[in-house]
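All remarks here apply to the structure that follows.
Any read-out appearing in this document is the output of simple, stated calculations on the displayed coordinates, not a laboratory observation. Fair warning: this is a prediction, and the values are worked out from it, not measured in the lab. So basically every Cβ, Gly included, is an ideal-geometry build from the backbone, and we count neighbours across all protein chains shown.
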Amino acid sequence: MISGTTTAAAAGTWTLGDRIVNRLGFGAMRLTGTGGMGRGVDRDPDRSAVVVRRAVDLGVNHIDTAGFYFSASGRANAIIRDALAPYPDDLTIVTKVGPGRDLVTGEWGDWARPDQLQAHVEHNLETLGLERLHVVNYRSSGRDDVPAAVSALAALRDEGLLDHIGLSNVGTEALAGARSMADIVCVQNRHAAGYERSDTGDVLAACREHGIAFVPFFTIAAQAREGTSEERYDVVEAIARAHDATPAQVRIAWNVALGDHVLAIPGTGDVAHLEQNVAAASLRLSEADLAALGRLGSG
């Protein structure tokens, strides 16, 4: 399989706000277990810290996390802080706010109102050990007032609590409304070969047009949740064999090939899987491969 000395830099770079990041990054949700939001099997935080440090060693300088990523064994933000602080100057940490979760019991509740987002931002500042957050994504419920939430984050940006604003789980209408309130540097939506929102193409195009990073999550899992070891499509396995790669590497490479503005953030709690994921930065798929993967799930 593809491995060796490949680093995240092999995927190229993107300027996220005012910060240059390698287009292959790392998603932190699974640092606390197979269900990093409180569902699934917990993971040893010390083992997860090793994964985070190894990611940075391999050139990852874009880590995606959230204050609501935690389980009984640990919290993703605290694992990142304990593993990496004081942080390298070139490391960009992107976090998310919006979903309501009791910080003690872990129970899920109502989505945060715009006036409650400051508490979410301050929680991320505290748990990450930062004085100012690099990028804060507002995670939409799909039924909320995204422009109002972005306006609230813009006020917090002006107060010096964060540098840049992004979005998660939005369509083109919400993106347009958000852009009327503040500059948006990234959009994070679920997207993978074999899984596609009906408006993904439009969101991708809008992000490209406006110089906004598109950051797909669950890139490996397709219809399943991230972390699955089962590949449901024969064509993915066939392409992987042809390139002496893993199906996960093929899926990561396909996402990176969607455009220069696309950033991959595959997550894992295992060092070996991390190294395989980063090695996908050097995998170049043929036009035929990309077309075959793009047709998955279309009928």
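Below is a table of values for the structure above.
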| quantity | calculated |
| --- | --- |
| Calculated FRET efficiency for the pair residue 111/residue 132, C-beta based, R₀ 25 Å, to 0.05 | 0.55 |
| For q = 0.07, 0.13, 0.17 Å⁻¹, Debye-computed log10 I/I(0) when each Cα of the chain counts as one equal scatterer | -0.23, -0.87, -1.54 |
| Loop-located GluC sites (Glu not before Pro) in the range 72-170 whose Cβ has at most 14 other Cβ within 10 Å (DSSP) | 107, 131, 159 |
| Long-range amide H partners of residue 187 with built H, under 5 Å | 167, 213, 214, 215 |
| The chain - share of DSSP beta bridges that are antiparallel (%, nearest 5) | 25 percent |
| Choice from 27, 74, 109 showing the highest fluctuation, given a GNM over the chain with Cα pairs closer than 10 Å | 109 |
| Cα gyration tensor shape of the range 81-231, rounded if a/c is under 1.5, else prolate or oblate by comparing a/b with b/c | rounded |
| Loop trypsin sites (Lys or Arg not before Pro), the range 1-101, which have at most 15 other Cβ atoms in a 10 Å radius of their Cβ (DSSP) | 39 |
